[in-house]
Amino acid sequence: MNKFWTVLSHTYITKVKTKSFIFSTLITLLIIAGLANFQTIIDMFAGEESGEIVVVDESGVYTEALQQSLAAAEEDIELVPFDGTVNEAKVAVQDGQYDAVVELTENEEQIFDATYFASTITESGNQMIIEQHLQQLKIAIATQASGIDEARIAEIYAPIAFEAVALDESAKTEEELNQARGIVYVMLFVLYMTVMMYGQMIATDVATEKSSRVMEILISSAPPITHMFAKIIGIALVGLTQIGLFIIVGYTLIRSKQEELVGGVFELFGVQDTSPMIFVYAIVFFILGYLLYATLAAMLGSLVSRIEDVGQLTTPMMMLIVIAFMIAIFGLGAPESTFVTVTSYIPFFTPMIMFLRVGMLDIPIWEVALSLGIMVGTIAVLAYIGAKVYSGGVLMYGRSGSLKDLKKALVLGKKEK
């Protein structure tokens, strides 16, 4: 047991001290801080975009109506009537005195046409707002000219009252589904990135030790099985340390800005009203998903002797993770589909797809327990096979990169016994 803890602590401390771990952790923490202040950043840039827009109005009657429409909608756009010509207004815009110029000219139908001039039209925010309000103004003028009741026109263009109501008492409302969809999407992305990253880390670490001949020393001091599980758990602790830091910093930032996190992006991603069980399930599925893919990664990593061959041999494993993620993304729009339900019981897909179903649907607890049981059983089988392959694989040197080497590794593993 002492050998197990020695290998585990060595793996953990070595990985935590690496520059890649420190830099990736710091960068991610900065991203989390940026996301926590995302609404503030958006508002800041939105405030910078607003400015003065001059209006060249031939009739002199449309500018005031447009100003009133913008004010009623509380749009942060200031319209300035311009007494000069359109060309003079264009020069003023290019000199930076104004953001843009809107030219309003009457056509044959006694209704205005509009032209929007700006230095660049890549920023379409103000342009779209002006166009929308001019369209409303045009409808109002045309309605008044034709003698149609404006109130009646407003009723015709008013959106239909449509509400989706679930008959099952346990079913989630549309608002709850939207919130769940946002937080599940974030969690799926985290699961996808972490399982892929730490699984690849194990395979690369094993290959690195073999290529440097360190493996021979390690195997002589500790049994291959002990070494494999110590490495898996050691890197698991590295992952939990990193994710734990992310959660603590993220939670602290969100708590400190709880009063500001009303609406906006945080409402979109369901941060405001999220059940704690979602995070519990995320941790459970992350740990089991990691153990499943980590065991497979350690087994595959033991078959190669060069770091360059790791990518080739672990590609099938990575494809499984990618397929699981793609199915989960599809399931965000159809979580109750038969395809999503069936694939949620396939062990390699369970961490993401069953988590998706748990987050978005009210499924019986026995379904979750069954999927977890299948996963645990699969992990046990993979651990048993993986230990045998690992025992022989770490003794294999030379060019390798084919799954055919599994049989050779198994034979060597039996001889090692």
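I want to confirm something. Restricting to segment 268-281 and keeping residues that are of a type in the set (Ser, Thr, Tyr) and modelled with pLDDT under 75, which single residue is most open to solvent (accessible area, probe 1.4 Å)? Looking at the filtered set, the residue picked out is Ser275. When the residues of segment 313-356 are filtered to those that are assigned to a loop (DSSP other than H, G, I, E, B) and of a type in the set (A, V, I, L, M, F, W, C), which remaining residue is farthest from the chain's Cα centre (by Cα)? Residue satisfying both the conditions and the ranking: Ile346.
Whether any residue in segment 82-90 is more than 40 Å from the chain's Cα centre (by Cα) and within 14 Å of Leu66 (Cβ to Cβ) is what I want to check.
Restricting attention to segment 82-90, the residues satisfying the condition of being more than 40 Å from the chain's Cα centre (by Cα) are 82-90.
Within this subset, residues satisfying the condition of being within 14 Å of Leu66 (Cβ to Cβ) are 82.
Checked against the condition, which is being more than 40 Å from the chain's Cα centre (by Cα) and within 14 Å of Leu66 (Cβ to Cβ), segment 82-90 yields at least one hit.
Selection within segment 282-310: residues that are in a helix (DSSP H, G or I), open to solvent by 20 Å² or more (accessible area, probe 1.4 Å) and farther than 17 Å from Ile346 by Cα. The member of this set that is modelled with the highest pLDDT is Ile283. Restricting segment 2-40 to residues that are more than 19 Å from Gly239 (Cα to Cα) and out of contact with any helix residue (DSSP H, G or I) (no Cβ under 9 Å at 6 or more places or on another chain) leaves a set whose member that is most open to solvent (accessible area, probe 1.4 Å) is Asn2. Of all the numbered requirements in (1) open to solvent by less than 20 Å² (accessible area, probe 1.4 Å); (2) modelled with pLDDT of 85 or more; (3) farther than 25 Å from Pro276 by Cα, Val368 misses one, and that requirement is (3).
Among the residues of segment 196-217, count how many are modelled with pLDDT of 75 or more, open to solvent by less than 30 Å² (accessible area, probe 1.4 Å) and β-branched (Val, Ile, Thr). Qualifying residue count for the region: 1.
For residues that are assigned to a helix (DSSP H, G or I) and at pLDDT below 70, tally how many sit in segment 218-253. Write out each step before concluding.
Applying the first criterion (assigned to a helix (DSSP H, G or I)) to segment 218-253 yields 218-221, 224-253.
Now drop any that are not at pLDDT below 70, which leaves 218-221, 224.
Adding up the residues that qualify gives 5.
Taken together, the residues in segment 326-342 that are within 24 Å of Leu296 (Cβ to Cβ) and crowded, with 20+ Cβ neighbours inside 10 Å amount to 3.
The values are calculated or read from the model by the stated rules, or taken from the named source; none is laboratory data. No experiment lies behind these values; they were computed from the predicted model shown. We place every Cβ from the backbone using ideal geometry, glycine too, and count neighbours over all the protein chains shown. Just the protein is used for accessible areas: all its heavy atoms, side chains included, with ligands, DNA and RNA removed. Shrake-Rupley method; radii C 1.70, N 1.55, O 1.52, S 1.80 Å.
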